[in-house]
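Peer 1: Mind having a look at this structure? Questions to follow.
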Amino acid sequence: MATKEEKRFAKNFNINDLPDVPTGLPPHLQQTRVVSKSNPLTANASYVPSMGESVKLGNFYENFKVDVISLTERDMEFDMIGIDAAFANAFRRILIAELPTMAIEKVLIANNTSVIIDEVLAHRMGLIPIAADPRLFEYLSENDQPNEKNTIVFKLHVKCAKNKTRQQVLTSDLKWLPNGSELLKESGGSTSKPKTYTSFSCSQDSLPEFANNPITPSDLQILIAKLAPGQEIELEAHAVKGIGKTHAKWSPVATAWYRMHPKVDLLGEVEDELAERLVKICPKVFDIEDMGKGKKRAIVAQPRKCTMSKECIRDDDLIELVDLGSVKNHFIFNIESTGSLPPDVLFTEAVKILEAKCETVLKEL
Amino acid sequence: MEHGSFKDNSHATFTLGEEDHTLANAVRFVLNQDPRVTVGAYTIPHPSLESVNIRVQTTGDPAKEVFKDACQELMQMNRHVRSVFDKAVTEYKAEQERKEKKAAEELQRQRELFGSMDIESN
């Protein structure tokens, strides 16, 4: 039972009145706290919901620019200037999830005595990228028969001989079967010609695109499994067309990403000792400019190389002189293809798909 | 699918099935650029359901027409993007070929120079 004095004591008690309680942080902790002067919510706000200030339609057709920085068979880096983030994101999403590719879907295993169990082996086969143009094939739905227009058949038959050491099964061991499946379906004792799992009416070899150009996986050095002496794998794999939304194996890009072009501004003169310090912190972006008479100045040499690590604004003196942000409407796009199509074709197809989506919506209205 | 009122056709919600942020955000952006639009927005009722609701409210014009115009404009923008991109890529490839040819010619010229400097053959 609390007495009246005890209750009064509890009401008037303030812990900060006690002699030992510190009033702030100890000095060694206070100095290391870096407080950013800029408001984190708006500092790097690249996408500001605007009432027409970022991209106006009329200006779009005049101001839109594309600069290709690098382009190889597999990778591409290019700049898109004058477009809104909604579009850049739409293209990125389509590149990852809605561009069709060919990937192995059905694996018919005749014999597997390796240590990799059937389903794991089948899963790995599905993830192998196949260098076949998906535009030459049709989708295979449930009711369709697999034929030369919608299926690619591969065979894998590897046996590790008893006297050899461990053998690797690589994607180079996958053989393309242009005439379709060779595994026979079990028929109910009829005497007609035995059916296989696919019904190819003509050989895929005869098509002009594949005549002297056999279909192979995009990389021939991918390790599928390892076999010890005496182990064998015999299987047939059917590849069909699909999109990344259904399963990531059908994504045509290793990845596709974009970043906004960094905006690095010096708000005042950064001279001599401060300039040296700045360049030492971030030599990628800043550089020293000699102004003669022994005076030096820091300049922003390559803002594109900025990785937004914010090292340059950790320093108390520099935080007031460096302004870090992003240039609105300037997107640096990277596309890494897995091999089915070159990256510039991938992007063109992605734009076509967005167009097709609009058409579908318009038709329904 | 359009949800609106029979009396006032300037306000409507369009439900698109099998769509997500990819198309909806792009259409929303184009919609907001139209001066006739007072409200242009989209929501995704539930992420597990593939459905998008696009709300359009205009200053008098029928919402359906404005929405259709926005989609048409979006298609035109896409075509423009494609053409600019294709041009940039062909220019880049031509530039690369030019550089390679120059490098090959330079190499050839250097080889001939070194070949002619061979003392023993004279």
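The values are calculated or read from the model by the stated rules, or taken from the named source; none is laboratory data. Every value quoted in this text rests on a predicted model; they were computed, and no experiment measured them. Positions of Cβ are backbone-derived with ideal geometry, glycine not excepted, and every protein chain shown enters the neighbour counts. These accessible areas exclude ligands, DNA and RNA; they are computed on the full protein's heavy atoms, side chains included. Shrake-Rupley method; radii C 1.70, N 1.55, O 1.52, S 1.80 Å.
Peer 1: List pairs: first in the stretch A:274-300 and closer than 20 Å to A:LYS263 by Cα, second open to solvent by 60 Å² or more (accessible area, probe 1.4 Å) and in a helix (DSSP H, G or I), Cβ under 8 Å, 6+ apart or cross-chain?
Peer 2: These pairs meet every condition: A:ILE281/A:GLU311; A:CYS282/A:GLU311; A:LYS284/A:LYS305; A:VAL285/A:LYS305; A:ILE288/A:GLU276.
Peer 1: Could I ask something else about it? Test A:ARG124 against the criterion of being within 16 Å of A:PRO252 (Cβ to Cβ) and of a type in the set (D, E, K, R), and give yes or no.
Peer 2: Values: within 16 Å of A:PRO252 (Cβ to Cβ): no; of a type in the set (D, E, K, R): yes.
Criteria not met by A:ARG124.
Peer 1: Select from the stretch B:11-29 the residues that are within 7 Å of another protein chain (Cβ to nearest Cβ) and open to solvent by less than 20 Å² (accessible area, probe 1.4 Å) and write down the one among them that is farthest from A:LYS363 (Cα to Cα).
Peer 2: Among those that are within 7 Å of another protein chain (Cβ to nearest Cβ) and open to solvent by less than 20 Å² (accessible area, probe 1.4 Å), it is B:PHE29.
Peer 1: Tell me the residue from A:VAL264, A:VAL327 that is surrounded by fewer than 19 Cβ atoms within 10 Å (Cβ to Cβ), closer than 29 Å to A:VAL68 by Cβ, at pLDDT 85 or above and touching a Pro at 6+ places or on another chain (Cβ under 8 Å), please. Before you say what the answer is, go through the steps one by one.
Peer 2: On the way: A:VAL264 fails: surrounded by fewer than 19 Cβ atoms within 10 Å (Cβ to Cβ).
So the residue among A:VAL264, A:VAL327 that is surrounded by fewer than 19 Cβ atoms within 10 Å (Cβ to Cβ), closer than 29 Å to A:VAL68 by Cβ, at pLDDT 85 or above and touching a Pro at 6+ places or on another chain (Cβ under 8 Å) is A:VAL327.
Peer 1: Here are some conditions: (1) open to solvent by 30 Å² or more (accessible area, probe 1.4 Å); (2) closer than 30 Å to A:ILE104 by Cα. A:LEU354 meets all but one. Which one does it not meet?
Peer 2: Checking A:LEU354 against (1) open to solvent by 30 Å² or more (accessible area, probe 1.4 Å); (2) closer than 30 Å to A:ILE104 by Cα, the one that fails is (1).
So that you can scan it fast, the table gives a plain yes or no per residue for (1) under 30 Å from A:ALA90 (Cα atoms); (2) among the hydroxyl-bearing types (Ser, Thr, Tyr):
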position: A:VAL264; (1), (2): yes, no
position: A:GLU276; (1), (2): no, no
position: A:ARG297; (1), (2): no, no
position: A:LYS310; (1), (2): yes, no
position: A:ARG314; (1), (2): no, no
position: A:GLU320; (1), (2): no, no
position: A:SER326; (1), (2): yes, yes
position: A:PHE333; (1), (2): yes, no
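Peer 1: Sticking with this structure for a sec: Could you please give the count of residues in the stretch B:46-55 that are open to solvent by less than 80 Å² (accessible area, probe 1.4 Å) and over 23 Å from the mean Cα position of the chain (by Cα)?
Peer 2: Matching residues across the stretch B:46-55 total 0.
Peer 1: Mind counting the residues in the stretch A:318-365 that are within 12 Å of chain B (Cβ to nearest Cβ), in a helix (DSSP H, G or I) and in contact (Cβ under 8 Å) with a residue 12 or more places away in the chain?
Peer 2: The total comes to 9.
Peer 1: Then there is this: In this structure, is B:THR58 surrounded by 19 or more Cβ atoms within 10 Å (Cβ to Cβ), more than 9 Å from every other protein chain (Cβ to nearest Cβ) and not basic (Lys, Arg)? Steps first, answer last, please.
Peer 2: Working: surrounded by 19 or more Cβ atoms within 10 Å (Cβ to Cβ): yes; more than 9 Å from every other protein chain (Cβ to nearest Cβ): yes; not basic (Lys, Arg): yes.
It is true that B:THR58 is surrounded by 19 or more Cβ atoms within 10 Å (Cβ to Cβ), more than 9 Å from every other protein chain (Cβ to nearest Cβ) and not basic (Lys, Arg).
Peer 1: Which one of B:THR43, B:THR38 is within 12 Å of chain A (Cβ to nearest Cβ) and free of Cβ contacts under 8 Å to residues at least 40 places away in the same chain? Outline the logic, then answer.
Peer 2: Values: B:THR43 fails: within 12 Å of chain A (Cβ to nearest Cβ).
Result of the check over B:THR43, B:THR38: B:THR38.
Peer 1: Do we have A:ARG304 as more than 30 Å from B:MET75 (Cα to Cα), part of a helix (DSSP H, G or I) and either among the hydroxyl-bearing types (Ser, Thr, Tyr) or under 21 Å from the mean Cα position of the chain (by Cα) (or both) here? Can you show your working first?
Peer 2: Numbers: more than 30 Å from B:MET75 (Cα to Cα): yes; part of a helix (DSSP H, G or I): yes; either among the hydroxyl-bearing types (Ser, Thr, Tyr) or under 21 Å from the mean Cα position of the chain (by Cα) (or both): yes.
Yes.
Peer 1: When you check A:ASP315 against the structure, is it without any contact (Cβ under 8 Å) to a residue 60 or more places away in the chain, open to solvent by 20 Å² or more (accessible area, probe 1.4 Å) and away from chain B (no Cβ under 12 Å), yes or no? Write out each step before concluding.
Peer 2: Values: without any contact (Cβ under 8 Å) to a residue 60 or more places away in the chain: yes; open to solvent by 20 Å² or more (accessible area, probe 1.4 Å): yes; away from chain B (no Cβ under 12 Å): yes.
The answer is yes for A:ASP315.
Peer 1: Here is a further query. Could you list, in sequence order, the residues of the stretch A:67-80 that are more than 10 Å from chain B (Cβ to nearest Cβ) and among the hydrophobic types (A, V, I, L, M, F, W, C)?
Peer 2: none
Peer 1: Among the helices (runs of 4 or more DSSP H) confined wholly to the stretch A:55-160, which include 1 or more residues that are touching a residue at least 12 places away in the same chain (Cβ under 8 Å) and within 28 Å of A:ILE224 (Cβ to Cβ)?
Peer 2: Working: elements: A:57-63, A:85-97, A:118-126.
By residue number, A:85-97, A:118-126.
Matching residues to (1) loosely packed, with under 15 Cβ neighbours inside 10 Å; (2) among the basic types (Lys, Arg):
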{"site": "A:PRO129", "(1), (2)": "no, no"}
{"site": "A:ASP144", "(1), (2)": "yes, no"}
{"site": "A:ILE152", "(1), (2)": "no, no"}
{"site": "A:LYS155", "(1), (2)": "no, yes"}
{"site": "A:ASN163", "(1), (2)": "yes, no"}
{"site": "A:ARG166", "(1), (2)": "yes, yes"}
{"site": "A:GLY180", "(1), (2)": "no, no"}
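Peer 1: Of the residues B:ASP86, B:ASP8, only one is without any contact (Cβ under 8 Å) to a residue 24 or more places away in the chain, open to solvent by 60 Å² or more (accessible area, probe 1.4 Å), at the interface with another protein chain (Cβ under 10 Å from one of its Cβ atoms) and at negative phi; which?
Peer 2: On the way: B:ASP8 fails: at the interface with another protein chain (Cβ under 10 Å from one of its Cβ atoms).
Result: B:ASP86 is the single residue among B:ASP86, B:ASP8 that is without any contact (Cβ under 8 Å) to a residue 24 or more places away in the chain, open to solvent by 60 Å² or more (accessible area, probe 1.4 Å), at the interface with another protein chain (Cβ under 10 Å from one of its Cβ atoms) and at negative phi.
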